[in-house]
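Asks: Mind having a look at this structure? Questions to follow.
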Amino acid sequence: MSIGFDAMGAAFFEGDRPVAEEVSLHIASGILQIGLDDGRILRWPVGDVRQLPDTAGKTGAVLRLKDDPLARLFVTDASLLPHLPNRFRRTPPKGRGRLAAWALAAVAAVALQIGVLVPLLADNMAAYIPPAGERALGEATFGHIREALDDTGLNPVPLCEAPEGAAALERLVARLDAPTNDVPQINVAVLDHPMVNAFALPGGFVVLFRGLIEAAESPDEVAAVLAHEIGHVVSRDPTRHALRSAGSIGVLGLLFGDFAGGAAVLFLTERLIAAQYSQEAEAGADSFAHDVLARAGISPGALGDMFESFRRKYGDRDGVAAHFLSHPALGARIEAARAAVEVGAAYNPALSAEDWAALRGICD
Amino acid sequence: MSDTAVPDSPWAAPPQAASAQPQPDGMQVEFTGRRWTLFWLALKTGFFTILTLGFYRFWMKTRLRRWYWSAIRPGGHPLEYVGDPLEKLLGFFIAVVVLTFYIGIVNLLLMFVSFSVFNSSWLGYLASFAGVIPIWFYARYRARRYVLARTRWRGVRFGLEKGAWGYAGRALVHWAVTILTLGILWPRMTFALEKYRTDRTFFGSARLVQQGRWRMLYRAALPFIAVVVAGMALAVWILVIDPITPDLLSNPGSLPSRFVTALQLGRWPLGWESPERLWAVPVLMAGLVYGAIHYRWVAKRIMANHKAAYGVTFASRLQGPRIAMIYTLGTFISYMVLVLGIALIVVLSISMYGPTAWLEGANAAGLGGFGDLPRWLSFGILGVIYLSVFLLWGVLHNTFVTFPIMRHMARTTTLPATAGLQAISQRDRDAFAEAEGFAEALDLGAAI
């Protein structure tokens, strides 16, 4: 039995010349017969006919044969379509192996870039960047962070600059003043933000959050945090970090492409603040802090106390001093701080009671 | 066809110019397909894109193009887009591999130099941006080549010859000339770049040629020029001939702030001389935008009327005002729907959690979380909202801007002479491994 279809407006394109050939259309014993004007009849098995997907408009469908990349049959009679059982079936994609290889190469390239090349370059460059440039880098980064921390993104988070508190902070920094000469001048600022955190930036900027001063139980703990951050400044960890970020941000923006320069920047800010330095860098900053504290007559155990009390108060939750708490070797660092306490040595509090009160009120 | 022919006269016999008389073998371009079908297709594929964190966007773009292409039907037969999403994904990976080194290492070096030598980041950003510009032109040409290579009509492939670096170089020179002449030679750039692309475009074995001269594009720029002249006249009038305030000329920078103060007060400051004249400023601004749209599209029309292949001509009756109206209405509708949608989300969440919960959440959004939610989850929610707004905008833009413009373009185009089609035969497949990966990675691919 043969079924005929309305071939008015239907056309066949053999795939060489852009000229429409008129056709007659029949289906007989599972074969779509396409009769051409020159008498030829093309036979397409109905199971091998595919319909092009996502075609606009109700009039007209384009059909192709499974293994023929070029020939096209344009039909206007929709009653033909139900006779083609596999018309929506996809042809299996080719070249999966090549796709997988390039995907792997892309992941490897990004990993190599962010994990090896950028850090390597950044570490080497950090040693050559002149102090004025380092300072400019720090100022720019500090500005970005202050803007990013603000919820509206319109005004940078304000600095705390109450005169008595600032004077107390200055005395504390002077007491801790670093013993070596090639250290850039240390600039300590307090941000009016509830996060319990502190970080160092290139060019000798050390930033404390109001939340940290409020959470500290004694001036010694603030002094310990300061000493630790100064340790990072001395070993130029923040400079390396900022240079690494400058290299990584473009790669991340590239990856997230269309929608999300925003997400990449968010991620970067997050990384800058909760800066995760390497284990050696942290240990180095710790031991630097022990020395500085001991020389200034402040108990080095305060660093351990601070780790301890933060952990007790906040558990291991994120957002809270992640910089200090999330490090795997925290227990070892507490012990190291305790071990640095000399038995019998006379330690004084880092600040007098009045200065401590003034420092706690620096944001008022 | 010989490749040694000069572009202006590639044929032995001169091609027939587009004549007003419709010839017997002329061909109309039809456009089928409904707006809402497209809306659902865009919404559906956009939703999948969010679900797959953006990876479905290669499929989304392929499916939307297939739809648009099949809606455009010269002589009643649809165009076909045969691009493959997987090859786009592959192209994206290739571009990432190549660009990641360029962008990462070069940025780092530029930043280092910028801070070391100039103590500021601006120069680094500037150099980094400037370094991407040639790649940007390069990627645009490559993307066009890919799209043309994957477009067919009546089973015959389109194609674009190689020449992306040549295009990038010419684009840079023309931009420099345009900027140096304060935009006076802009039509020359428009024409030269379009000619470079058109003269390398093929349909099957037939080469397309851009005819005409660049000066003919000044006609398209007339509204823009008129607005600029009117703006200068107004400036002379209110500043010099009959100043609004006597001190204005000595201190023109204060005008915008005074204008804002006047708006806040609801009346003009005392002592101003017929200040109503300032209302001409926003009118002129709107005129500038219209002039720019008019130039862009009418220039396309003029150049389309001067494109031809052997025995095939084009004629376009595209209307600048109509396109401007589509842009205005389409953008307005998209914004309204978007704003209403976001307002709905905000109202819903406030009614669910109460206004204070929302505020607390917003306060902590910087680095804490929404209320008691863990930080990664609130970051995730923020991310999904961000993506949704972005994609909803894309869907609406497709429905209310791209669709009507495509339809207008298709319906106003005719092919008065098509006799040359008989002589055209198929061209070879352009394999093109990296598809439009560079354009995608550099974020140029947002447009269809």
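The values are calculated or read from the model by the stated rules, or taken from the named source; none is laboratory data. Every value quoted in this text rests on a predicted model; they were computed, and no experiment measured them. FYI the Cβ positions are ideal-geometry reconstructions off the backbone, even for glycines, and counts take in every protein chain you see.
Asks: What are the residues in segment B:187-227 that are of a type in the set (A, V, I, L, M, F, W, C) and in contact with a Leu (Cβ under 8 Å, 6 or more places away or on another chain), if any?
Replies: Of segment B:187-227, the ones of a type in the set (A, V, I, L, M, F, W, C) are B:189, B:191-193, B:202-203, B:206, B:208-209, B:214, B:216-217, B:220-222, B:224-227.
B:Phe191, B:Phe202, B:Phe224, B:Val227, listed by residue number.
Results for (1) in contact with a strand residue (DSSP E or B) (Cβ under 7 Å, 6 or more places away or on another chain); (2) at the interface with another protein chain (Cβ under 9 Å from one of its Cβ atoms); (3) assigned to a loop (DSSP other than H, G, I, E, B), shown as yes or no for each residue.
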| position | (1), (2), (3) |
| --- | --- |
| A:Val116 | no, no, no |
| A:Gly133 | no, yes, no |
| A:Ala148 | no, yes, no |
| A:Asn155 | no, no, yes |
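Asks: Taking B:Ala206, is it buried (at least 17 other Cβ atoms within 10 Å of the Cβ) and within 21 Å of B:Ile293 (Cα to Cα)?
Replies: When the stated conditions are applied, B:Ala206 does not pass them.
Asks: On to the next question. Inside segment B:74-85, can you point out the residues that are within 8 Å of chain A (Cβ to nearest Cβ) and not in a loop (DSSP other than H, G, I, E, B)? Even if it seems obvious, please write down each step before you answer.
Replies: Filtering segment B:74-85 for residues within 8 Å of chain A (Cβ to nearest Cβ) gives B:75-78, B:80, B:84.
Answer for segment B:74-85, where residues must be within 8 Å of chain A (Cβ to nearest Cβ) and not in a loop (DSSP other than H, G, I, E, B): just B:Glu80.
Asks: At the interface with another protein chain (Cβ under 7 Å from one of its Cβ atoms), touching a helix residue (DSSP H, G or I) at 6+ places or on another chain (Cβ under 6 Å) and either acidic (Asp, Glu) or surrounded by fewer than 22 Cβ atoms within 10 Å (Cβ to Cβ) (or both): does that describe B:Ile94?
Replies: Values: at the interface with another protein chain (Cβ under 7 Å from one of its Cβ atoms): yes; touching a helix residue (DSSP H, G or I) at 6+ places or on another chain (Cβ under 6 Å): yes; either acidic (Asp, Glu) or surrounded by fewer than 22 Cβ atoms within 10 Å (Cβ to Cβ) (or both): yes.
Here the answer is yes, as B:Ile94 does meet what is asked.
Asks: Only one of B:Lys44, B:Lys88, B:Lys61 is without any contact (Cβ under 8 Å) to a residue 12 or more places away in the chain, more than 8 Å from chain A (Cβ to nearest Cβ) and either part of a helix (DSSP H, G or I) or touching a helix residue (DSSP H, G or I) at 6+ places or on another chain (Cβ under 6 Å) (or both); which?
Replies: Values: B:Lys88 fails: without any contact (Cβ under 8 Å) to a residue 12 or more places away in the chain; B:Lys61 fails: without any contact (Cβ under 8 Å) to a residue 12 or more places away in the chain.
Criteria check complete, one pass: B:Lys44.
Asks: Determine, yes or no, whether A:Asp37 is within 7 Å of chain B (Cβ to nearest Cβ) and of a type in the set (Asp, Glu). Lay out the reasoning, then the answer.
Replies: Working: within 7 Å of chain B (Cβ to nearest Cβ): no; of a type in the set (Asp, Glu): yes.
The answer is no for A:Asp37.
Asks: Another one. Hey, could you check segment A:194-233 for residues that are closer than 16 Å to A:Leu169 by Cβ and assigned to a loop (DSSP other than H, G, I, E, B) and say which is nearest to the chain's Cα centre (by Cα)?
Replies: A:Gly204
Asks: A further question follows. Taking only pairs six or more apart or across chains, which ones have beta-carbon atoms under 8 Å, a first residue in segment A:204-227 that is basic (Lys, Arg), and a second residue that is in a strand (DSSP E or B)?
Replies: Between residues of segment A:204-227 that are basic (Lys, Arg) and residues that are in a strand (DSSP E or B), the close pairs are A:Arg210/A:Val190; A:Arg210/A:Leu191.
Asks: Checking A:Glu134 against (1) out of contact with any Pro (no Cβ under 8 Å at 6 or more places or on another chain); (2) charged (D, E, K, R); (3) within 16 Å of A:Phe205 (Cβ to Cβ), which single condition isn't satisfied?
Replies: Failing condition for A:Glu134: (1).
Asks: Tell me, please, whether a residue that is surrounded by 18 or more Cβ atoms within 10 Å (Cβ to Cβ), part of a loop (DSSP other than H, G, I, E, B) and modelled with pLDDT of 80 or more can be found in segment A:159-177.
Replies: Among the residues of segment A:159-177, at least one is surrounded by 18 or more Cβ atoms within 10 Å (Cβ to Cβ), part of a loop (DSSP other than H, G, I, E, B) and modelled with pLDDT of 80 or more, which makes the answer yes.
Asks: Applying the selection to segment A:41-78, what residues are of a type in the set (S, T, N, Q) and either in a helix (DSSP H, G or I) or in contact with a strand residue (DSSP E or B) (Cβ under 9 Å, 6 or more places away or on another chain) (or both)?
Replies: At the first step, the residues of segment A:41-78 found to be of a type in the set (S, T, N, Q) are A:51, A:55, A:59, A:76.
Once the filter is applied, which keeps residues that are of a type in the set (S, T, N, Q) and either in a helix (DSSP H, G or I) or in contact with a strand residue (DSSP E or B) (Cβ under 9 Å, 6 or more places away or on another chain) (or both), segment A:41-78 yields A:Gln51, A:Thr55, A:Thr76.
Asks: Please work out which residue is surrounded by the fewest Cβ atoms within 10 Å (Cβ to Cβ), limiting yourself to segment B:27-41 and to residues that are more than 9 Å from chain A (Cβ to nearest Cβ) and out of contact with any strand residue (DSSP E or B) (no Cβ under 6 Å at 6 or more places or on another chain).
Replies: B:Trp36
Asks: Being at the interface with another protein chain (Cβ under 10 Å from one of its Cβ atoms), on the phi > 0 side of the Ramachandran plot and either surrounded by 16 or more Cβ atoms within 10 Å (Cβ to Cβ) or modelled with pLDDT of 90 or more (or both) is true for just one of A:Gly60, A:Gly9. Which residue is that? So that I can check it myself, show each step before the final result.
Replies: On the way: A:Gly9 fails: either surrounded by 16 or more Cβ atoms within 10 Å (Cβ to Cβ) or modelled with pLDDT of 90 or more (or both).
Testing whether each residue is at the interface with another protein chain (Cβ under 10 Å from one of its Cβ atoms), on the phi > 0 side of the Ramachandran plot and either surrounded by 16 or more Cβ atoms within 10 Å (Cβ to Cβ) or modelled with pLDDT of 90 or more (or both) leaves just A:Gly60.
Asks: Looking only at segment B:318-370, filter to residues that are modelled with pLDDT of 75 or more and small (Gly, Ala, Ser); which one of those is nearest to B:Thr413 (Cα to Cα)?
Replies: B:Gly320
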